[in-house]
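Heads up: the structure comes next, in structure tokens.
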Amino acid sequence: FRPEGDDGLLLFNGQTRGTGDYIALSLKDRYGEFRFDFGGKPMLIRAEEPLQLNEWHTVRVHRSRRDGYMQVDEQHPVAFPTLSQVPPLDLIEDLYIGGVPSWELLPADAVTQQTGFVGCISRLTLQSRTVELMREAKFKEGITSCQPCAQNPCSNGGICLESQTREWLYSCVCQQGWTGPQLCTFPAPSAPRGVCWSRDDCENTDLDMECLCPLNQHRRQMPVHRAPQRAEPQL
């Protein structure tokens, strides 16, 4: 998932309307939180570090009998509180992703803020099965496209690539003759004559230009001759 806000409900599944067992995964002040109730004892575990907005993250929640943990990205796993018994988990209501139609569906301990998730969710896996979020949904509300390259924001024939690590949501691979950190809107500087053996061997980059060599050949760059500089008197 890729959050755009500090708070929001990512996932909720309950037993009965407003009561009973439940699991709730959410963001609170950019910290991942997992709240659950197994047999009338609400519990909370919280990630150790806040998340960066507009970047992709992964959260894993695992339970095996009395033990369990939540792990966000590569952070240290946060263990469940010690359980004296192995209570069953009865979740018979619908599973909600990103929000709920009514906050009355949630027990009071499930969330601290009634805020839906704003951002992108790309994958959900339950017990090793990947859920087809759009195809298997019973109903959808307030969902828009999370594909930043759908409208191809790159100019001058640039190719849009979705970014999963940078602050920007996408980057552009510019056509020859164009450059720019994101949109390919700036004409690239032409290669000065003599920098490469052939103008066809020169490729513009965002900050400079470089000579492209045939396979198994080293970089071929012509020496640049500069006129001698006249000595200036020092005062």
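The values are calculated or read from the model by the stated rules, or taken from the named source; none is laboratory data. In this text the structure is predicted, and so the values were computed from the model without any measurement. So basically every Cβ, Gly included, is an ideal-geometry build from the backbone, and we count neighbours across all protein chains shown.
Within region 46-62, how many residues are under 15 Å from L126 (Cα atoms) and either in a loop (DSSP other than H, G, I, E, B) or in contact (Cβ under 8 Å) with a residue 24 or more places away in the chain (or both)? Reasoning before the result, please.
Going through region 46-62, the residues under 15 Å from L126 (Cα atoms) turn out to be 58-62.
Remaining after also requiring either in a loop (DSSP other than H, G, I, E, B) or in contact (Cβ under 8 Å) with a residue 24 or more places away in the chain (or both): 58-59, 61.
Within region 46-62, residues that are under 15 Å from L126 (Cα atoms) and either in a loop (DSSP other than H, G, I, E, B) or in contact (Cβ under 8 Å) with a residue 24 or more places away in the chain (or both) number 3.
The single condition among (1) out of contact with any Pro (no Cβ under 6 Å at 6 or more places or on another chain); (2) within 15 Å of E33 (Cβ to Cβ); (3) of a type in the set (S, T, N, Q) that T58 does not satisfy is (2). Counting the residues of region 116-143 that are within 14 Å of L11 (Cβ to Cβ), in a loop (DSSP other than H, G, I, E, B) and at pLDDT 90 or above gives 1. Each residue in region 27-62 was checked for being modelled with pLDDT under 90 and under 18 Å from the mean Cα position of the chain (by Cα), and 3 pass.
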